[in-house]
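Have a look at the structure below before the remarks.
Derivation of every value follows stated rules applied to the coordinates shown; laboratory data play no part. Just so it is clear, the model here is predicted, and its values are computed rather than measured. Glycine also receives a Cβ, built like all others from the backbone with ideal geometry; neighbour counts cover every protein chain displayed.
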Amino acid sequence: MGFSTSGSLLVIFFGLLIALSSMYAATSSAGSVLTDGLSDQSDRIDTIHNTDIELDTATWNETDGSLVVMTENTGATTIPLDELTVLVDGEYEPITDFEEATVDGDDSTVWAPGTNATLTGTVDEPDRVKLVTDIGVSVAAPVEVTA
């Protein structure tokens, strides 16, 4: 083997070494991102499994048009009350449109496990109410009409 053959093999060898080292860095970074994503997904699934709400009553007073929704956090996760989505007959009602949104009678946005939340607002005669938490856990119930 001549000098030119040895030199060209040496150039190819160094080129492969550089290429493999950059490929390792990219593969390692992609593996780290994938591991972080799987960990986040696992945490989210755990949170969903630990979150549960129960709609106790939904009553609408036809005299003053007020809707009172009473619900309980029966899961193990604290729910931000201000991020609760309320659907009345399939239409979005912002939580800020309710005159009163309390947790066990207190004006709080932290809905801890084992506590009750009460929403009071004025709407046209509803048939159904659905509550959806910030992570997608929901509960729905028909509305009882009172005089």
**Report entry** Cut-off 14 Å between beta-carbons: net charge of the residues surrounding T133, Lys and Arg +1, Asp and Glu -1
**Finding:** -4
Query raised in the report: Of G121, I45, G136, whose Cα points farthest to the positive end of the dipole of the chain (charges on the beta-carbon: +1 Lys, Arg; -1 Asp, Glu; origin at the Cα centre)?
Result: I45
**Report entry** Listed residues T27, T59, T74, most fluctuating in the chain (Gaussian network, C-alpha, under 10 Å)
**Finding:** T27
Query - Full-extension gain in nm, T63 to T47, via 0.36 nm per residue minus C-alpha separation - result: 1.7 nm
Query raised in the report: Hey, any idea what Rg/Rh is for region 1-132, computing Rh the Kirkwood way over Cα pairs?
Result: 1.52
Query raised in the report: Under a 5 Å amide H to amide H cut-off, with H placed in plane at 1.01 Å, what residues pair with L84 once short-range neighbours are removed?
Result: none
Query raised in the report: Against the longest principal axis of the chain, how steep is helix 3-49, in degrees 0 to 90 to the nearest 10, with axes from Cα atoms?
Result: 10 degrees
